[in-house]
1. Tell me the net charge near Met141. Cut-off is 11 Å between Cβ atoms, Met141 excluded, with +1 for each Lys or Arg and -1 for each Asp or Glu.
2. Among Lys64/Lys138; Lys56/Lys119; Lys56/Lys138, which pairs are too far apart, with a Cα-Cα distance over 23 Å?
Amino acid sequence: MTTFLWFASFVLHGISLFLIILLSLKWVKIKETEREQAELIREMETMMTTYLMQFKEENERFVKQITSSAVRQKKKETPSFLREEQPSLPVEDVVDRIELSTTTKEEQPLESLVSEAVKLQQQGKTIDEIAKILKRGKTEMELLLKFHQK
């Protein structure tokens, strides 16, 4: 009878040890998955932050360009004898004009834009050239191609 109890004890201990090993392996897999997810989230946050910073810089350059071209155009319209030194236009006025001008622009479908960008990239064009050809921002094309690769 004692032999049977010893045998049953060893079998139960073996089963419990096997289950503990299985649980620890699953725990390691879960921790690895969590680490990978955290890494992906950090990478995505970094990419979005970079995109937003570049987008902001492009917008600021665009506003400066529009402001300077509006001032140049206004100087050309007024005769030189009536021309006075005028301060640059307020940014609020320029923004209103920009919003009005972008509402009439037709948007390309995303699929055709992606296919065009990929086709141009395969032809060996740089991101700057692709952006100029498709009349889009450099950062937009960069992200579009990066997301398409994944």
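Values in this text are rule-based calculations from the coordinates and carry no lab data. Since the model is a prediction, treat every value here as computed from it, not as a measurement. Positions of Cβ are generated from backbone atoms using ideal geometry, with glycine treated the same way; all protein chains shown enter the neighbour counts.
1. Every neighbour counted, the sum reads +1.
2. Result: Lys56/Lys119 exceed 23 Å.
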